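Asker: The structure that follows is given in the form of structure tokens.
Every number here is computed from the coordinates shown, using simple stated rules; none is lab data. Since this is a predicted model, take the numbers as computed values, not measurements. Backbone-built Cβ (ideal geometry, glycine too); neighbour counts: all protein chains shown.
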Amino acid sequence: MAHMEGIIVLLLGAVIGSFFNVCIYRLPRKESVAYKPSHCPGCGSKLGVADLVPVLSYLFLRGRCRHQGCEISPRYPLVEIITALLFLAAYINWGVSWHTASMWVFLAMLVLVSVIDIYHRIIPDEALLAATIIGLPLLFLASLDYLISGVIGFFAAGLLLLVIAAVSRGGMGGGDVKLSAVMGLFLGWQGVAVALFLSFLAGGVISILLLATKIKGRKDAVPFGPYLALGGIIAAFYAERIIAWYMGLSGL
């Protein structure tokens, strides 16, 4: 039974990831994600059910559209696989619970906004608003303490990043500020503190590597959303252990 539940969770994550591929393509273009039929981004041909099976359709079609042979980006199965694995990891960690459901919303949102930020340098308000609206009742059902900590984290993280954005004078965008606030809602004030620390650490290290290898120049803009997402994912699973380790290391 446990194995079957794990398979169901994987399939659920893959289906959500497949829908997010639609959102990744359409949200930056201000297209509807609900009413327009699925179509090939290359030739515009309408896609059938056999073309939309997560991961398997990509493998079966060998990464090409069946109509005009347009190349399909490997991003599509990658998003589906990552979302599925994150869903399974959350289920393994927290079982069947409201907390798991809230983390599914949170982790899925991080995948969505980070990929859009990588390709389009924006973090869509629609994704953040949807995650907040869906997440609030789930957090309340999980625990009132979670919700209270989340509200504190929402304002604390949002205000902190707002100050940083103001001081950096454009070095950090409004989307990053809003994303950090939503991360605070789901992670709580302690969890988001860990997430932000890891985000800035990862951003600093990777930026140095990009400069050292001349992949990026000093004046090249680098989206910060993926770093926030990385910090958020790690904090979702390991924040309590990281805090306990730090407290023990410092003797507190």
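Asker: Taking the mean number of other Cβ atoms within 10 Å as a proxy for protection, how do you rank 111-122, 202-213 from highest to lowest? Walk me through the numbers before you get to the answer.
Answerer: Values: 111-122: 20.2, 202-213: 12.7.
Those peptides, ordered most packed to least, come out 111-122, 202-213.
Asker: Mind checking the dipole of the range 98-252: about its Cα centre, +1 per Lys or Arg Cβ, -1 per Asp or Glu Cβ, Debye to the nearest 20? Please report the intermediate quantities before stating the final value.
Answerer: Working: 8 positive and 7 negative charges, 119 e Å.
Dipole magnitude for the range 98-252 comes out near 580 debye.
Asker: Springs between alpha-carbon pairs under 10 angstrom, Gaussian network model over the chain: which of Leu107, Leu201, Leu230 fluctuates most?
Answerer: Maximum fluctuation in the GNM of the chain, among the listed residues, is at Leu201.
Asker: Which residue fluctuates most in the GNM of the chain (Cα springs below 10 Å): Trp94, Trp104, Trp189?
Answerer: Looking only at Trp94, Trp104, Trp189, the biggest GNM fluctuation is shown by Trp94.
Asker: For the chain, what does the helix formula give at 222 nm: sum of -39500 (n - 2.57) over DSSP H segments with n ≥ 4, over the residue count, nearest 500 deg cm²/dmol?
Answerer: Numbers: 8 runs with 181 residues, N = 252.
So the calculated ellipticity at 222 nm is -25000 deg cm²/dmol.
Asker: Looking only at Phe237, Phe186, Phe60, which one moves most when the chain is put into a Gaussian network model with springs between Cα atoms under 10 Å?
Answerer: Top of the fluctuation ranking is Phe60.
Asker: Over the Cα atoms of the chain, compute the convex hull volume and normalise it per residue, giving Å³. Write out the running numbers ahead of the final one.
Answerer: On the way: hull volume 40.7 nm³, N = 252.
Cα-based convex hull of the chain, divided per residue, equals 162 Å³.
Asker: Another question about this same structure. What order do you get for Met247, Met109, Met172 when you list them from fewest to most C-beta neighbours inside 10 Å? Walk me through the intermediate numbers first.
Answerer: On the way: Met247 10, Met109 24, Met172 17.
With the sparsest Cβ surroundings first, the list reads Met247, Met172, Met109.
Asker: Here's something else I'd like to know. Can you give me the C-alpha center-to-center distance between the range 165-239 and the range 87-101, rounded to a whole angstrom?
Answerer: Centre-to-centre distance over Cα atoms comes out at 25 Å.
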